[in-house]
Structure formats: structure tokens, C-alpha cells
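**Student:** Just dropping this structure here.
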Amino acid sequence: SWEDYNKELISKGGGIFSRSAKAIELSPEMKKMLGSQKKSMTPNELIRACLTMEVDLIWNGGIGTYIKGKDETDSDVG
């Protein structure tokens, strides 16, 4: 499970959070990355905020899932 993950490898301010949590407290680093002043978010709010951030590329771990912009082709991202 994710509880077995080496937490020393996680960036400062990051963490492993349960999707069943009522709320996830946002660290200063998370607030900056997300552009939010909220104290906390529900898991679904946090996931949505991460997926809609202004980024060049999202790589979803070892499964090789890439998310591209609406104006990019598959070959642009590949």
C-alpha cells in the first residue's frame, strides 16, 4: 500500500493522503503550488486542483499515464 512508501522521498510539504479523509490540511508548499489560500480541501477538491494546475506535463508514477493540453497532439506529448 501507499503506507509502505518511503516518506523520505516525498518533497517538503507533500504527503500521502487517504481519499476517505474528510479534509486534507494544506501545507504552505501545497498552497503555493496550487495557488490557494484554503486551509484544507476534501480529497476530491485536492485531486481536481492538482489536475487543473498550470503545468507542462503530469506524469502519473510508474504507469506511464500522461495528460496533455487540449491544443497538443499525442505526438507532441509522446
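**Student:** Need one number: the % of Cα-Cα pairs in the chain sitting beyond the 20 Å mark.
**Tutor:** The calculated P(r) of the chain puts 42 percent of pairs beyond 20 Å.
**Student:** Another question about this same structure. Once the piece of chain linking LYS22 and LYS38 is laid out straight, how much longer is it, given 0.36 nm per residue of separation minus the C-alpha distance between them?
**Tutor:** Numbers: separation 16, 0.36 × 16 = 5.76 nm, distance 1.47 nm.
Stretched fully, the LYS22-LYS38 segment lengthens by 4.3 nm.
**Student:** In deg cm²/dmol and to the nearest 500, what is the mean residue ellipticity at 222 nm of the chain if only DSSP H runs of at least 4 residues count, each as -39500 (n - 2.57), divided by the residue total?
**Tutor:** It comes out at -6000 deg cm²/dmol, rounded to the nearest 500.
**Student:** For ILE47 and SER1 in the same chain, what is the full-extension length gain: residue separation times 0.36 nm, less their Cα-Cα distance, in nm?
**Tutor:** Extra length available between ILE47 and SER1 comes to 14.7 nm.
**Student:** Any aspartates and glutamates with Cα under 14 Å of the LYS22 Cα? List them, leaving off those in the same chain fewer than 8 positions away.
**Tutor:** GLU45
**Student:** Among the lysines, which fall within straight-line cross-link reach of LYS12, defined as a Cα-Cα distance under 16 Å, with same-chain neighbours fewer than 8 residues apart omitted?
**Tutor:** Within the straight-line limit of under 16 Å, LYS12 reaches these lysines: LYS31, LYS32.
Readers should treat all values here as calculations from the given coordinates under stated rules, not as data from a laboratory. All of these numbers come straight from a predicted model, not from anything done at the bench.
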